[in-house]
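The values are calculated or read from the model by the stated rules, or taken from the named source; none is laboratory data. Please read all numbers here as calculations on a predicted model, not as lab measurements. With ideal geometry, Cβ positions are generated from the backbone for all residues, glycine too; neighbour counts draw on all protein chains shown. When the accessible area is computed, the model is the full protein with side chains, heavy atoms only, and any ligands, DNA or RNA have been set aside. Shrake-Rupley method; radii C 1.70, N 1.55, O 1.52, S 1.80 Å.
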Amino acid sequence: MKIDELSLIDLAKAISEQKITSYDATKFYIEKCEERKDLNAILEIFDDALDKAKEMDEKIKNGFKGKLAGVPVVIKDNILYKGKKASCGSRFLENYVAQYNSTVVQKMLDAGAVIFARANMDEFAMGSSTETSYYGITKNALDPTRVPGGSSGGSASAVGAGLTPVALGTDTGGSIRQPSSYNGVVGIKPTYGRVSRYGVIAFASSIEQVGPITKNVKDNAYMLEVLVGGSEHDETSLKTDVPSYLSQIKGSVKGLRIGVLKEIEEAVAGFEVEKSYRDTLKMLKENGATLVDVSIKDFKLTLPCYYIIAPAEATSNLGRFDGVKYSRRSPDAKDVDEIYFKSRSEGFGKEVKRRIMLGNFVLSSGYFDAYYNKAKKLQQKLINESKEAFKKCDCFVLPTTAGVAFKLGAKSGDPVAMYKEDLFTIMANILGTPAISVPFGKGENGLPLGIQIVADRLNEGVVYNVADFIESKGGDYARV
Ligand code: GLN
């Protein structure tokens with residue numbers, strides 16, 4: 001049995017049936033990570049990983065059952081795993097060691113996972129290309145002259161290059177879906193609150209979620225079933241029942257009402273992804289779905305809305321990094337003012353500083369109403385518009401990105417061009433709805449394009465069903 005030809009689900013099954021040992025599977029993926037060091041997707045392979053895998057093999061022999069029993073998993077560098085570094089791609093947290101397990105890590109460990117490495121990311125998850133990490137840029141799994149997307153670029157590149165069967169990412173404005181699209185893999189941002197954020201280093205707390213990045217849709221649904229569920233440590237996490245997502249994948253879209261957003265129809269015109277987007281709609285219709293015209297009038301304002309709310313929350317979340325408690329202290333600081341000033345100047349990179357300045361500006365008295373309050377009102381208006389739209393359809397279909405992964409360095413000098421990367425993904429964060437990216441069709445040089453399915457809150461089942469169907473038809477449509 002070839003380990004890397006197995007899906008996550010099949011690997012989990014093979015390990016639990018003792019056809020493959022966790023030790024062999026973990027060793028195989030560690031070696032893969034070492035072979036592909038050139039990608040810089042992985043920041044650290046944990047030195048106790050193989051011991052943990054051996055322990056799991058013993059436990060499995062003694063009857064342990066768990067959805068991830070012995071399965072190797074990679075986490076993004078902003079997710080806390082007790083005793084391991086979590087640097088958030090920043091110099092400021094270079095030597096920070098997690099003091100406790102995040103809920104998602106605990107849930108994976110309880111399910112038997114072997115968390116064996118942490119993946120590179122844009123500093124503090126701010127970026128769309130994984131070029132802002134203090135630990136160097138990450139490269140695209142399919143074309144190393146291109147970006148892997150961001151901020152979960154390390155996680156997506158690792159899955160795309162076959163360095164792990166699954167990796168966790170976080171998504172504040174598109175950071176799971178956009179890199180998934182660029183590396184030809186599947187990534188979901190779950191409903192806001194569906195997954196606990198406890199122990200995940202915060203960027204914009206009111207809109208971000210953790211989610212899995214996998215090679216296919218069913219693996220993704222399987223993995224999300226492990227991660228979901230509220231935690232007493234995160235008041236925003238939902239305590240409602242968690243359904244099985246896999247059982248909602250039906251292999252059919254017959255009778256489903258697919259919302260076609262007027263604003264997307266306009267926005268997509270002329271972009272590389274346009275053909276894939278249109279082919280997806282055509283394919284769904286040919287297979288029994290009904291296309292319904294819907295509208296979110298203020299769609300175009302989702303991007304500016306995000307770039308007010310996210311920096312505002314980042315400013316306040318990043319206030320704790322002051323060189324006093326758990327972040328790097330400037331060795332040159334002579335008094336307390338200098339500790340703050342120099343530590344923050346040296347610890348944060350350029351993009352993070354830009355966000356802090358933006359955030360302080362929109363929160364400052366005199367501008368608070370004009371910017372922050374207005375953005376929050378707009379967010380509510382967008383939610384209301386989406387509620388109306390979701391009365392008429394089961395989900396929206398839209399592109400994940402405008403085109404294929406761009407070249408390294410192409411946008412790093414132009415922050416606005418970089419922010420526009422999030423054009424299609426941010427809406428789901430502002431609405432708090434689930435959204436998945438699934439590859440469909442190819443663009444320049446045969447590189448993958450991504451299609452997004454967005455459904456109303458807690459409707460991950462619909463999202464997975466449609467995404468799985470699109471994936472199953474990927475071979476017949478939208479080929480270049
Ligand atoms: N690219 C967006 C930003 O830079 C989104 C990042 C994210 O989802 N973490 O803010």
> Does Arg91 satisfy the condition of being within 17 Å of Asp171 (Cα to Cα) and open to solvent by 10 Å² or more (accessible area, probe 1.4 Å)?
Replying inline: no
> Within region 48-68, can you find the residues that are open to solvent by less than 10 Å² (accessible area, probe 1.4 Å) and closer than 26 Å to Asp234 by Cβ?
Replying inline: Leu68
>> Looking only at region 391-446, how many residues end up being away from the ligand (no atom under 16 Å from the Cβ), among the hydrophobic types (A, V, I, L, M, F, W, C) and crowded, with 21+ Cβ neighbours inside 10 Å?
In response: 8
> If you scan region 142-161, which residues turn out to be open to solvent by less than 10 Å² (accessible area, probe 1.4 Å), assigned to a loop (DSSP other than H, G, I, E, B) and not small (Gly, Ala, Ser)?
Replying inline: Val147, Pro148
>> Of everything in region 346-366, what is more than 16 Å from Ala314 (Cα to Cα) and surrounded by 14 or more Cβ atoms within 10 Å (Cβ to Cβ)? Give them in sequence order.
In response: Glu346
> In region 374-384, is there at least one residue being charged (D, E, K, R), over 30 Å from Asn459 (Cβ atoms) and either within 16 Å of the ligand (Cβ to nearest atom) or free of Cβ contacts under 8 Å to residues at least 40 places away in the same chain (or both)?
Replying inline: no
>> Could you check region 203-215 and list, in sequence order, the residues that are more than 13 Å from the chain's Cα centre (by Cα) and either away from the ligand (no atom under 11 Å from the Cβ) or β-branched (Val, Ile, Thr) (or both)?
In response: Ser205, Ser206, Lys215
